[in-house]
Amino acid sequence: MASDTKNLIYHTFIDLLSTKPFDKITIRDIVDACEINRNTFYYYYSDIYDLLEEIFTKKINEMIEAHGNGKSWVTAFIKIANEAYEHKKMIYNICSSRSYEYLENYMYRACNQIIIEVVKNVAEDMDVPDEDIEFIASFYEYGFVGVLSEWFKTGMREDPFQLASQLWLVVDNIRYALKRSQRRMKSRIENEDFV
């Protein structure tokens, strides 16, 4: 029974996000739609941001599970983009609110774990320092989130596959950056200039 009530609150909030901006949704809207009292809401969630955070956390975990071991960033990216595309109205209502930073934080967390795995897999047979792997992953994380953020803010005009194919154009540079790191490390060992 308790999990049914929590699920009801969760799904009602998602439905409301599909109809109006996040900052316009109140706890009263949620409890009225669920036909529960405020205390019941507060039993499960401390506030509306806690509920939003749960939605993002569940989605991140689903995407990380679907992504597996980082071998196919394209599959992972298309999954993220398709999920957003399927909830276009909800994303728009979050983007048009003052709470857009919650969505951006969600994107950074989702991309961070996926991209670090991609970079580690590409670097698997290379002698590259961990700090370079982390820096390269961070660089691509910011790039991907920037592209996603712009895509969200402009109404998701391209379909997810088209967006992924455009990003594919720059992903090969991950291998190039790792090879440069490897050459730099080799040059340091040999006391050569690595510019």
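Some notes on this structure:
- Listed values for the stretch 109-125 are Karplus-derived 3J(HN,Hα) couplings in whole Hz (6.51 cos²θ - 1.76 cosθ + 1.60, θ = phi - 60°), namely 5, 5, 5, 4, 5, 6, 5, 4, 5, 4, 5, 4, 5, 5, 7, 3, 9, and x replaces Gly and Pro.
- Computed extension length for Asp4-Glu62: 18.8 nm, one decimal, from 0.36 nm per residue of separation with the Cα-Cα distance subtracted.
- With Cα atoms, 0 to 90° folded angle of helix 173-189 axis to the chain main axis: 50 degrees
- In order along the stretch 54-59, the Karplus-derived 3J(HN,Hα) couplings, from 6.51 cos²θ - 1.76 cosθ + 1.60 at θ = phi - 60°, round to 5, 4, 5, 5, 4, 5 Hz, and Gly and Pro are given as x.
- Springs join every pair of Cα atoms under 10 Å in this Gaussian network model of the chain, and among Ser46, Ser138, Ser149 the largest mean-square fluctuation is at Ser46.
- Here's the list of lysines a cross-link from Lys79 could span, going by alpha-carbon distance under 18 Å and ignoring same-chain residues fewer than 8 apart: Lys58, Lys59, Lys71, Lys88, Lys89.
- Value of [θ]222 nm, deg cm²/dmol, for the chain, DSSP H segments ≥ 4, -39500 (n - 2.57) each, nearest 500: -25000 deg cm²/dmol
- Computed 3J(HN,Hα) for the stretch 146-153, one whole-Hz value per residue from the Karplus formula 6.51 cos²θ - 1.76 cosθ + 1.60 where θ = phi - 60°, is x, 5, 4, 4, 5, 4, 4, 5, glycine and proline marked x.
- Between Arg98 and Arg38, the contour length at 0.36 nm per residue exceeds the alpha carbon distance by 19.2 nm.
All of the numbers you see were taken from the coordinates with simple rules; none came from a lab. Since the structure is predicted, the reported quantities are computational estimates derived from the model, not experimental observations.
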